[in-house]
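**Q** This is the structure I want to talk about, given as structure tokens.
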Amino acid sequence: MRINNRALMILIAGFAVATVGSAQPPQGPKPGPEVQKLGYFVGKWRGEGEMKPGPFGPGGKFTEMEDAEWMPGGFFVTIHADEKFPMGDGKTLMVLGYDPEQKVYTFNAFNSMGLAEAAKGTLDGDTWTWLSELNMGGKIMKSRFIMKQLSPASYSTRFEMSADGTTWSTIMEGNTKKF
């Protein structure tokens, strides 16, 4: 059987159209199970608690309202917070994620007083622990923020600081509830 050039071109074009038409678009990466655990924080939350007198001010009651949602793609949770502290009101943008190379959760925050913070976290059962270092007047202090899930709609918080990483002082304690 002899195929002429025109028939061969039609056959090749038809094959190309069929192949392209049935090809699946490339799939991007999907969030893993560690990332999906951050979904606990998605929603609207109201927090309140007590700050102890210390490096962050005179102490007293604080409240905050948080609105947390998945960033498109599902790899990060963004949180917008409105806060009322004894030393004044403020706003904070926080981003939660997971670093699969280091196998740690990530936390980055930027607030309306010009402060930026980066922390690394772990999840052990129902307790999230975030560790970072803060420069306090030229001295590096270690910080630890602990969030214990009390239910699907509430968690307790405790913020602690240490000069040496072994002796910790509580700076703040509170509770946060979903509404």
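Only the coordinates and a few stated rules stand behind these numbers; no lab work does. No experiment lies behind these values; they were computed from the predicted model shown. Note that we place each Cβ from the backbone using ideal geometry, even for glycine, and neighbour counts take in every protein chain shown.
**Q** Select from Asp67, Asp89, Asp124 the residue whose mean-square fluctuation is largest in a Gaussian network model of the chain (Cα-Cα springs shorter than 10 Å).
**A** The residue with the greatest mean-square fluctuation here is Asp124.
**Q** Looking at (1) 16.8, 53; (2) 24.9, 94; (3) 16.0, 45, which value of Rg and Dmax of the Cα atoms in Å comes from a calculation on the structure shown?
**A** Of the listed options (1) 16.8, 53; (2) 24.9, 94; (3) 16.0, 45, (2) comes from this structure.
**Q** Work from the charge dipole of the range 47-103 (Cβ charges, +1 for Lys and Arg, -1 for Asp and Glu, about the Cα centre) and give the residue of Val77, Tyr98, Gly49 farthest towards its positive end.
**A** Gly49
**Q** By how many degrees, between 0 and 90 and to the nearest 10, does the Cα long axis of helix 5-22 differ from the longest principal axis of the chain?
**A** The angle comes out near 20 degrees.
**Q** Considering all projection directions equally, how large on average is the shadow of the alpha-carbon convex hull of the range 26-74, in square nanometres?
**A** Mean projected area of the Cα convex hull: 5.3 nm².
**Q** Now for a separate question. Which lysines have a Cα lying under 25 Å from the Cα of Lys148, excluding residues fewer than 8 positions away in the same chain?
**A** The qualifying lysines are Lys37, Lys44, Lys52, Lys61, Lys84, Lys91, Lys103, Lys120, Lys177, Lys178.
**Q** May I ask you to order 109-119, 56-66 by the average number of other C-beta atoms within 10 Å around their residues, highest value first?
**A** Put in order of decreasing packing, that is 56-66, 109-119.
**Q** A follow-up question, please. Suppose every Lys and Arg Cβ carries +1 and every Asp and Glu Cβ carries -1, with no other charges. What dipole size does the chain come out with about its Cα centre, to the nearest 20 debye?
**A** 660
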